[in-house]
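Trainee: Have a look at the structure that comes next, please.
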Amino acid sequence: MDPIREFELLQTRRHFFGRTAGGIGTAALASLLNPQPAAAAGSGGADHGVLGTTHFRPKAKRIIYLFMSGAPSQLDLFDHKPKMHEMAGVDLPDSVRKGQRLTTMTSGQAKFPIAPSIFNFRQHGESGAVLSELLPYTASMADDICFVKSIHTEAINHDPAITYIQTGSQQPGRPSVGAWLSYGLGRGNDSLPGFVVLQASWSAKRAAQALYNRLWGAGFLPSRHAGVSLRSNGDPVLYLSNPPGVDDGTRRQMLDALSSLNRRTLAEIGDPEIATRIEQYEMAYRMQSSVPELTDISGESKATLEMYGPDVNKPGTFAASCLLARRMIERDVRCVQIFIRGWDQHGNLPNDIRAQCSDVDQPSAALLKDLKQRGLLEDTLVVWGGEFGRTIYSQGTLTKTNYGRDHHPRCYTMWLAGGGIKPGMTWGKTDDFSYNIVENPVHVNDLNATILHCLGIDHKRLTYRYQGRDFRLTDVHGNIVHEILA
């Protein structure tokens, strides 16, 4: 239906006067009881989201989501399978594969030779977590991390799989996890968005799957809940700076005039997106001072910069992004998500995965250590992982020093740390081939239900009615993994 016509039909005379009286009375009472929040609401201040308060006491107030786009090989990083060395080059038994779905990239292979990891593994910390030599810095923080080795999904190709774990559906159009958090919990800082996204550069010299802004979009939620992408070149946010010849005073006058026109249109039409536009213009005005201060790391100590590694001073790197994430968390940004591509290693995996781990290992561990030193880790949830895993069999030619791995949705590893998560534990187990889960499976919907739980949200109760039914991040199923909760 045409939105203007729909508004006219819904807005009966009695309804109109009832809403007007209630609205004026509520606003007046709010201003008398507490004038500051009323003023803040009018100027785009921090808000508490649609929930007003969480369903129960949260262990985490914020989340940093480190997303490894392209799917890291669990076999070469976390899921040690020493028995595979005895079967190197042997065809993967049908009893293991069980006729499971393959991608078109390997379905035509005559053989599926087992490719054991060429990297060394050993135990770390009091927890005894087993990690690859590729992740020495992450290994040093093993006792603060919960490794979940039994994540699984139905999606077998990148875009549906990333869309699934980010939005709860393989089909585009649903709100992302960060948008759901913004919608439910609101914004903690009146000068920065509640949900910020960074895309880091990567060292593996191979083409990578595209990332679309719908992966951090608001879907059918009001558009103000979409993630705001910070760029590494030029203005951190497009069009944030005043154009040449326009000073702050002129900009303020323009925004006031535009706001007046928008409010008039809002009163006539009632489209909530107009209210969003008004709020976003005001947010952008405040960000003109808050974002430059956020991205200026000159005040960070030498020890902190060295902890994140040599790339921390290069804008757009994963190290620089992790440091910015910590700075945003300090400023009460609710959700920060860092995407890094380059993990889709169908061939030349040993060389490429070394480069990728060099990009992310030290900064990921430094982020945990930095948050812990500042007392922020206990109420900040950190999540690390990709969209699915990789196969034990080699894609293409297998040699003693080189191999590739195809997509594998049946099992893979992610890790969580911080607010609400038990530190120093491993959950879930796969078979000797890291092909099937044998203990404690965790579906991607279970993961999202657990993430929301850490932030004080019942995933079944944070819903939005659209096209005649209530939608939620976990769609129609999902169970909290209570065993990994602190």
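The values are calculated or read from the model by the stated rules, or taken from the named source; none is laboratory data. Quick caveat, the model's predicted, so the values are computed rather than measured. Using ideal geometry, Cβ is built from the backbone for each residue, glycine included, and neighbour counts are taken over all protein chains shown.
Trainee: Evaluate segment 443-457: report whether one residue or more is in contact with a strand residue (DSSP E or B) (Cβ under 8 Å, 6 or more places away or on another chain), closer than 21 Å to THR53 by Cβ, of a type in the set (A, V, I, L, M) and buried (at least 21 other Cβ atoms within 10 Å of the Cβ). First the steps, then the outcome.
Mentor: Applying the first criterion (in contact with a strand residue (DSSP E or B) (Cβ under 8 Å, 6 or more places away or on another chain)) to segment 443-457 yields 443-444, 447, 450-451, 453-455.
From the residues that got through so far, the ones that are closer than 21 Å to THR53 by Cβ too are 450-451, 453-455.
Within this subset, residues satisfying the condition of being of a type in the set (A, V, I, L, M) are 451, 455.
Next, only the ones that are buried (at least 21 other Cβ atoms within 10 Å of the Cβ) stay: 451, 455.
Checked segment 443-457: at least one residue is in contact with a strand residue (DSSP E or B) (Cβ under 8 Å, 6 or more places away or on another chain), closer than 21 Å to THR53 by Cβ, of a type in the set (A, V, I, L, M) and buried (at least 21 other Cβ atoms within 10 Å of the Cβ).
Trainee: Run ARG174 past the list (1) among the basic types (Lys, Arg); (2) in a strand (DSSP E or B); (3) buried (at least 21 other Cβ atoms within 10 Å of the Cβ) and report the number of the one that doesn't hold.
Mentor: (2)
Trainee: Restricting attention to segment 82-116, which residues are modelled with pLDDT of 95 or more and of a type in the set (Gly, Ala, Ser)?
Mentor: Within segment 82-116, ALA88, GLY89, SER95, ALA115 meet the criteria.
Trainee: Specify which of the listed residues (SER150, SER182) is over 16 Å from the mean Cα position of the chain (by Cα) and not charged (D, E, K, R).
Mentor: Of SER150, SER182, the one residue that is over 16 Å from the mean Cα position of the chain (by Cα) and not charged (D, E, K, R) is SER150.
Trainee: Going through ILE162, ILE145 one at a time, which residue ends up being in contact with an Asp or Glu (Cβ under 7 Å, 6 or more places away or on another chain) and either surrounded by 23 or more Cβ atoms within 10 Å (Cβ to Cβ) or in the same structural domain as HIS453 (by TED's automatic domain parsing) (or both)?
Mentor: ILE162
This table checks each residue for (1) among the aliphatic types (A, V, I, L, M); (2) on the phi < 0 side of the Ramachandran plot; (3) surrounded by 13 or more Cβ atoms within 10 Å (Cβ to Cβ).
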residue	(1), (2), (3)
ARG251	no, yes, yes
ARG264	no, yes, no
ILE274	yes, yes, yes
ALA284	yes, yes, yes
VAL291	yes, yes, yes
PHE318	no, yes, yes
MET328	yes, yes, yes
CYS335	no, yes, yes
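Trainee: Please find, within segment 426-439, the residue that is surrounded by the fewest Cβ atoms within 10 Å (Cβ to Cβ) out of those that are out of contact with any helix residue (DSSP H, G or I) (no Cβ under 7 Å at 6 or more places or on another chain) and more than 20 Å from GLN100 (Cα to Cα).
Mentor: It comes out as THR426.
Trainee: Yes or no: PRO222 crowded, with 24+ Cβ neighbours inside 10 Å, closer than 29 Å to ASP475 by Cα, assigned by TED's automatic domain parsing to the domain that holds GLN345 and modelled with pLDDT under 95?
Mentor: So PRO222 fails the test.
Trainee: PRO58 - would you say it is in the same structural domain as ARG334 (by TED's automatic domain parsing) and within 30 Å of ASP332 (Cβ to Cβ)?
Mentor: Spelling it out, PRO58 is indeed in the same structural domain as ARG334 (by TED's automatic domain parsing) and within 30 Å of ASP332 (Cβ to Cβ).
Trainee: Look through THR153, THR167 and report the one residue that is farther than 19 Å from ALA284 by Cβ, among the β-branched types (Val, Ile, Thr), in contact with a helix residue (DSSP H, G or I) (Cβ under 9 Å, 6 or more places away or on another chain) and surrounded by fewer than 24 Cβ atoms within 10 Å (Cβ to Cβ). If you could, list the steps in order and put the result at the bottom.
Mentor: Values: THR167 fails: surrounded by fewer than 24 Cβ atoms within 10 Å (Cβ to Cβ).
Step by step, each of THR153, THR167 is checked, and only THR153 is farther than 19 Å from ALA284 by Cβ, among the β-branched types (Val, Ile, Thr), in contact with a helix residue (DSSP H, G or I) (Cβ under 9 Å, 6 or more places away or on another chain) and surrounded by fewer than 24 Cβ atoms within 10 Å (Cβ to Cβ).
Trainee: Going by the structure shown, is ALA366 modelled with pLDDT of 85 or more, surrounded by 15 or more Cβ atoms within 10 Å (Cβ to Cβ) and under 27 Å from ASN242 (Cβ atoms)?
Mentor: It is false that ALA366 is modelled with pLDDT of 85 or more, surrounded by 15 or more Cβ atoms within 10 Å (Cβ to Cβ) and under 27 Å from ASN242 (Cβ atoms).
Trainee: Among the residues of segment 399-407, is any in a strand (DSSP E or B), basic (Lys, Arg) and within 27 Å of VAL333 (Cα to Cα)?
Mentor: No, segment 399-407 has no match at all.
Trainee: Here's a follow-up. If you take the residues in segment 206-216 that are at pLDDT 90 or above and surrounded by fewer than 22 Cβ atoms within 10 Å (Cβ to Cβ), which one is nearest to LEU294 (Cα to Cα)?
Mentor: Selected residue: ASN213.
Trainee: Next question, about the same structure. If we only count helices (runs of 4 or more DSSP H) wholly inside segment 248-356, which ones have 1 or more residues that are more than 27 Å from the chain's Cα centre (by Cα) and among the charged types (D, E, K, R)? First the steps, then the outcome.
Mentor: Details: elements: 248-269, 272-295, 302-308, 318-330.
Fully inside segment 248-356 and qualifying: 248-269, 302-308.
Trainee: Quickly run through segment 416-425 and pick out the residues that are in a strand (DSSP E or B) and either at positive phi or buried (at least 24 other Cβ atoms within 10 Å of the Cβ) (or both).
Mentor: Correct list: LEU416, ALA417, GLY418, ILE421.
Trainee: Of all residues in segment 357-389, which are among the hydrophobic types (A, V, I, L, M, F, W, C) and not in a helix (DSSP H, G or I)? Lay out the reasoning, then the answer.
Mentor: Taking segment 357-389 as the starting set, the residues that turn out to be among the hydrophobic types (A, V, I, L, M, F, W, C) are 357, 360, 365-368, 371, 376-377, 381-384, 388.
The answer is LEU376, LEU381, VAL382, VAL383, TRP384, PHE388.
Trainee: Considering each of LEU185, LEU198 in turn, give the residue that is among the aliphatic types (A, V, I, L, M), touching a helix residue (DSSP H, G or I) at 6+ places or on another chain (Cβ under 9 Å) and buried (at least 18 other Cβ atoms within 10 Å of the Cβ).
Mentor: Just a single option satisfies the conditions, and that option is LEU198.
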